[in-house]
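Rule-based calculations on the coordinates, nothing more; no lab input. Computed from a predicted model, the values in this text were never measured in an experiment. Here the Cβ positions follow ideal geometry from the backbone for every residue, glycine too, while neighbour counts run over all protein chains shown.
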Amino acid sequence: MYFQHKFLIPKMFGTEVNEKKVADFQSRMEDALEKFETVWLKDQPFLAGNEASIADILAACELEQPSMAGYDVCEGRPLVTAWLQRVREAFHPHYDEGHAIVNKVRVKQGFKAPGAKL
């Protein structure tokens, strides 16, 4: 929802960003990311255990989207950063193929990939 309200809806409809909604969705997203670190990835490399699963690819796809609006879900989250890299590697080369449009939009907007160094 953060990505939709921060980027997609304003671009599609030519409307102003509703900063109140964006702040609310950002707070919710950050709470979920905290749970990723403290619950889901605390003691295992992937969301459902030791092997990459559909849960990982679905979650990773969702976490790629905020980067198109300039938000890095990996910043300050070492477990999310390492997990996202493992997911990319586990689904290589299809991960990058599936995110080609996301990557193109992100570059066009001048933003970096989640967890990427400047």
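Residues that are under 12 Å from the mean Cα position of the chain (by Cα) and of a type in the set (Val, Ile, Thr): find the helices (runs of 4 or more DSSP H) completely inside region 1-109 holding 2 or more of those. If you could, list the steps in order and put the result at the bottom.
Numbers: elements: 9-13, 19-35, 54-64, 78-90, 94-98, 100-109.
Counting at least 2 such residues, we get 78-90.
Output the qualifying pairs, or none if there are none: Cβ atoms under 6 angstrom, residues six or more apart or on different chains, first residue in region 1-17 and farther than 8 Å from Ala69 by Cβ, second residue buried (at least 17 other Cβ atoms within 10 Å of the Cβ) and among the aliphatic types (A, V, I, L, M).
His5/Val22
How about region 86-109: which of its residues are free of Cβ contacts under 8 Å to residues at least 12 places away in the same chain and either in contact with a Pro (Cβ under 9 Å, 6 or more places away or on another chain) or surrounded by fewer than 12 Cβ atoms within 10 Å (Cβ to Cβ) (or both)?
Our first condition is that a residue be free of Cβ contacts under 8 Å to residues at least 12 places away in the same chain; within region 86-109, this holds for 89, 92-94, 96-97, 100-101, 103-104, 107-108.
Matches in region 86-109: Glu89, His92, Pro93, His94, Glu97, Ala100, Ile101, Lys104, Lys108.
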